[in-house]
1. Of all helices (runs of 4 or more DSSP H) completely enclosed by the range 471-577, which ones contain at least 2 residues that are modelled with pLDDT under 90?
2. Can you name the number of the only condition in (1) open to solvent by 30 Å² or more (accessible area, probe 1.4 Å); (2) touching a residue at least 40 places away in the same chain (Cβ under 8 Å) that residue 342 fails?
3. What is the number of the single condition among (1) in contact with a helix residue (DSSP H, G or I) (Cβ under 7 Å, 6 or more places away or on another chain); (2) without any contact (Cβ under 8 Å) to a residue 24 or more places away in the chain; (3) not in a helix (DSSP H, G or I) that residue 461 does not meet?
4. Is one or more of the residues making up the range 163-175 of a type in the set (Val, Ile, Thr) and either modelled with pLDDT under 90 or farther than 23 Å from residue 489 by Cα (or both)?
5. Of a type in the set (Lys, Arg), touching an Asp or Glu at 6+ places or on another chain (Cβ under 7 Å) and open to solvent by 40 Å² or more (accessible area, probe 1.4 Å) - does that describe any residue in the range 349-370?
6. Among the residues that make up the range 436-445, is at least one of them assigned to a helix (DSSP H, G or I), among the small types (Gly, Ala, Ser), open to solvent by 20 Å² or more (accessible area, probe 1.4 Å) and in contact (Cβ under 8 Å) with a residue 12 or more places away in the chain?
7. When the residues of the range 597-641 are filtered to those that are part of a helix (DSSP H, G or I) and of a type in the set (D, E, K, R), which remaining residue is most open to solvent (accessible area, probe 1.4 Å)?
8. With (1) open to solvent by 30 Å² or more (accessible area, probe 1.4 Å); (2) modelled with pLDDT under 90; (3) touching a helix residue (DSSP H, G or I) at 6+ places or on another chain (Cβ under 6 Å) as the list, and residue 294 as the residue in question, which single condition is left unmet?
Amino acid sequence: MRSTIRQPSTLPDTDTVMHRPLRRSDRWPDAPTRRDDARPHNVAAHVQLARVTKRSPACRASAYQAIWAGEPVPQRRGAGAARCHPERGPHRRLDSDEGEETRPMTTYTVDAPPPGTWVSFADHFPHALTPEYTRLYHTTFEPAQASVYERYGLPFHGTATAIIDGHLYLGPKSLVGRAGARLPPRPVLWLATRLHPEMRRRRARARAVLRDRPWRDEVHVWRRELRPLWVAANLALQAIDPMSLDDGALAHYVRQCQANAEEGYRAHFLLHGPDLFATGLLLARGTDWGLDVRELLGLLVGSSPVSTGADEDLDLVRARVVEHTDRPETLRSLDDVRAVGPDVAAALDRFLLHHGWRLITSYDLDGRCLHELPGLVLTLVTTPRPAPVDDVDVDPLRQRVPADDRVELDRLLDDARFTYGLRDDNGGITSAWTVGLLRRSMLEVGRRLADRGRLTAAAHAVEVDVDELLGLLAGGVGPAPADVAARAAARASASRAPMPARFGPELPGREVIAMFPAPLDLMVRSQLAIAEGYSHPTDDVLTGLGIGDTAVTSRACVAHDAADALARMRPGDVLVARSTTPALNAALSIAGGLVVEEGGYLSHAAVTARELGLPAVIGASGALSALPDGELVCLEPDLDIVRRLNRAQVPGTM
């Protein structure tokens with residue numbers, strides 16, 4: 001496929017640019033030149049841009065993203081789609097002609113929390129993680145996050161990951177000093193933030209970021225360059241039927257899918273700069289002006305259409321179904337939908353081509369893809385698209401901001417609206433789709449191993465990592481079927497076990513953040529606003545953070561098991577779940593309300609509820625046990641509560 005990357009007319013001389021990052025003007029002759037305050041960096045590898053067009057779509061996307069981040073371009077290694085994919089950690093890449101060998105599974109699980117503060121990421125991962133996903137997340141998140149923090153001038157090295165009893169926890173990594181160490185005395189901290197060489201570099205970088213607003217350019221790069229490359233990479237892998245491959249070719253295909261998922265997750269985490277910082281800055285400065293977080297986030301409604309499950313092909317099918325019949329429930333299969341007309345059949349096939357192998361019920365490999373839930377697909381295509389939510393008038397809020405700061409508010413709001421939808425848009429392509437394809441390939445190996453008696457069930461393929469799985473496929477030494485089944489049972493038990501929201505001391509408060517010099521203090525406060533937007537600690541079982549101002553009374557569909565609940569979900573039901581994922585965007589469009597136990601104002605559940613105009617209560621601790629499935633519940637988001645109702649309490653019932 002011909003690359004869409006525009007190449008520079010001449011490559012820069014590496015000797016003259018050895019001590020600075022590659023500038024945009026080096027890459028694109030028509031790009032405006034901006035002053036560079038970034039750190040010294042060896043960019044000799046960046047001249048490989050001229051050869052990027054010879055790589056696979058996924059590798060071109062990875063190389064282009066590295067160039068944009070100011071990092072060395074990954075080198076080409078091995079054969080096939082694994083070329084340009086660097087060896088990472090203990091999992092050595094094997095070329096197809098080397099064969100497979102059994103290696104011990106690498107674990108990132110710790111018996112006890114390491115020193116320092118560790119915060120649960122239960123909003124994204126309410127259950128214990130699978131081994132391969134643990135490896136995938138650990139090897140991509142930390143280095144990508146460190147790159148974002150350096151690129152955006154944050155005074156931290158990044159965010160560390162730890163798996164405690166199977167659950168993911170995140171902790172800050174200090175820029176100076178040893179991990180987990182206590183903060184120094186305040187006078188020492190005050191001096192360090194101003195005199196330490198790396199702090200001074202970060203301070204200069206933060207000034208440049210606030211001046212140049214690089215998130216806008218990065219969103220343009222995603223939309224125009226990276227997004228088409230990732231779609232092409234996923235479609236190329238998806239076109240290969242793993243059931244048609246012999247064992248050797250299947251093993252190589254699994255490695256291709258693994259490499260694609262790793263590159264996808266790295267791209268996804270690198271985009272956590274442009275997809276979060278502009279919103280964080282709006283919230284941080286809005287707080288300075290005395291504005292409420294709910295009001296500020298309400299101004300972003302309509303800026304993330306993908307969060308509502310919007311898709312041109314899906315919308316076409318829905319519209320034609322409505323034209324065809326006023327009783328869509330009479331369409332009992334996807335074949336019935338295709339029979340509505342050839343244009344409907346073509347649109348449905350296109351929708352499934354681009355969404356069918358995306359994970360729906362979880363971010364992890366044990367989640368199920370849309371193709372695995374045909375009943376849900378039928379529900380989606382026969383349910384009319386939700387009405388668009390009206391834009392919020394910004395003028396009343398703007399009048400409460402000091403006159404001298406209103407231009408700044410307008411700029412921050414424009415940036416936040418421009419970048420707000422990036423997270424869900426890229427997440428569906430770089431993470432949900434790439435991991436869905438890896439799941440498909442692993443399940444095919446699992447099916448063969450189950451037929452040969454090497455696994456108890458095909459689904460147990462996700463209870464081992466890829467190295468172990470391919471070792472079993474090659475007939476090598478590996479865990480016995482009973483051992484893998486025991487792992488599955490142990491992980492299920494760990495998923496049910498309650499876990500604390502935090503290990504270690506509380507994170508530094510605002511009095512510590514205030515000691516950072518400008519503009520580092522603003523950058524830290526923007527990140528704090530984002531972090532607070534992902535969680536809402538509460539001790540009251542049925543209170544949380546209300547989204548919307550319209551009360552709704554309906555049947556509760558309790559999602560202890562997401563796949564089962566979505567298969568049973570009826571239009572208008574109040575979905576009650578631990579949390580939601582971006583892959584659930586389309587499914588949430590048929591809900592009448594939403595209650596989740598985990599999350600805050602910027603969690604996926606909250607963003608989607610605002611975009612859909614869906615009444616919701618976020619962070620309602622204990623809702624799964626307090627709201628029985630099938631019973632009537634009343635959401636009152638304006639009061640931040642959800643109540644279980646007796647039928648006598650519902651008007652018009654007895």
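The values are calculated or read from the model by the stated rules, or taken from the named source; none is laboratory data. What you are looking at is a predicted structure, and each value in this text was computed from that prediction instead of being measured. All Cβ positions, glycine included, derive from the backbone under ideal geometry; neighbour counts span all protein chains shown. For the accessible areas, the whole protein counts, side chains as well, though only heavy atoms, and no ligand, DNA or RNA atoms are used. Shrake-Rupley method; radii C 1.70, N 1.55, O 1.52, S 1.80 Å.
1. Of the helices (runs of 4 or more DSSP H) lying wholly inside the range 471-577, those with at least 2 residues that are modelled with pLDDT under 90 span 510-513, 520-533, 562-568.
2. Evaluating residue 342 over (1) open to solvent by 30 Å² or more (accessible area, probe 1.4 Å); (2) touching a residue at least 40 places away in the same chain (Cβ under 8 Å) leaves (2) as the failure.
3. Of everything listed in (1) in contact with a helix residue (DSSP H, G or I) (Cβ under 7 Å, 6 or more places away or on another chain); (2) without any contact (Cβ under 8 Å) to a residue 24 or more places away in the chain; (3) not in a helix (DSSP H, G or I), residue 461 misses just condition (3).
4. no
5. Yes: the range 349-370 contains one or more residues that are of a type in the set (Lys, Arg), touching an Asp or Glu at 6+ places or on another chain (Cβ under 7 Å) and open to solvent by 40 Å² or more (accessible area, probe 1.4 Å).
6. Among the residues of the range 436-445, not one is assigned to a helix (DSSP H, G or I), among the small types (Gly, Ala, Ser), open to solvent by 20 Å² or more (accessible area, probe 1.4 Å) and in contact (Cβ under 8 Å) with a residue 12 or more places away in the chain, which makes the answer no.
7. 638
8. (3)
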